Amino acid sequence: MAIGLTEEHEALAESVRGFAERNIPATVVRAALEADEETRPPFWSALAEQGLLGLHLDEEQGGQGYGLLELAIVVEELGRAAAPGPFLPTVLASAVVDASSNAKARAELLPALADGSRTAAVALDGALTGRRDGGALVVGGTAATVLGAVLAD
């Protein structure tokens, strides 16, 4: 089943491709691969300034008000550039939080994920639990694969 892309979608893809060409050269990818520890990439704030971290979120949550199809276009173009960093886990986590019925979590987490001041991780498998310890959320359990774990806030 094909996805019907509009001219606006094609323009978005072209725009993100241009962003990647300007901000994510092979030297940035190579440096990330060779680094001793993972850090936020040098283009992280530019992703936020372009509105790409919150493209799929409502404007009330700091997003751009588009949807998951537009986000998929951005993910594809950043993947084409082999963009390092926590983009994918951050936008996946924000999409999951946005789909939840927890209004408090949405209000507390989504604006910071959309503006790039916080990053997130996504556990793809495992059994995790969470509990409050004062003002902090303590997560426990085991997960074999956690995208973005190193950089997650």
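The values are calculated or read from the model by the stated rules, or taken from the named source; none is laboratory data. Here the structure is a predicted model, which means the values were calculated and not measured. Ligands, DNA and RNA are stripped out before the accessible areas are found, and what is left, the full protein with its side chains, is counted by its heavy atoms. Shrake-Rupley method; radii C 1.70, N 1.55, O 1.52, S 1.80 Å.
Summary table below
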quantity: Gain upon complete extension [A149, T129; 0.36 nm per residue less C-alpha separation]; calculated: 5.6 nm
quantity: Kirkwood hydrodynamic radius over Cα pairs of region 94-150, then Stokes diffusion coefficient at 4 °C and 1.567 mPa s, in µm²/s; calculated: 103
quantity: GNM result for the chain, Cα springs below 10 Å: residue of D133, D98, D36 fluctuating most strongly; calculated: D133
quantity: Rg and Dmax [Cα atoms of region 1-65; Å; Rg one decimal, Dmax integer]; calculated: 14.8, 42
quantity: Cα coordinate range in region 35-117, projected on the principal axes (Å, largest first); calculated: 38, 26, 20
quantity: Accessible area (Å², per residue) of the chain, counting only protein heavy atoms and a probe of 1.4 Å; calculated: 60
quantity: Histogram of C-alpha separations across the chain, 5 Å bin width, %; calculated: 2, 9, 17, 21, 20, 15, 11, 5, 2, 0
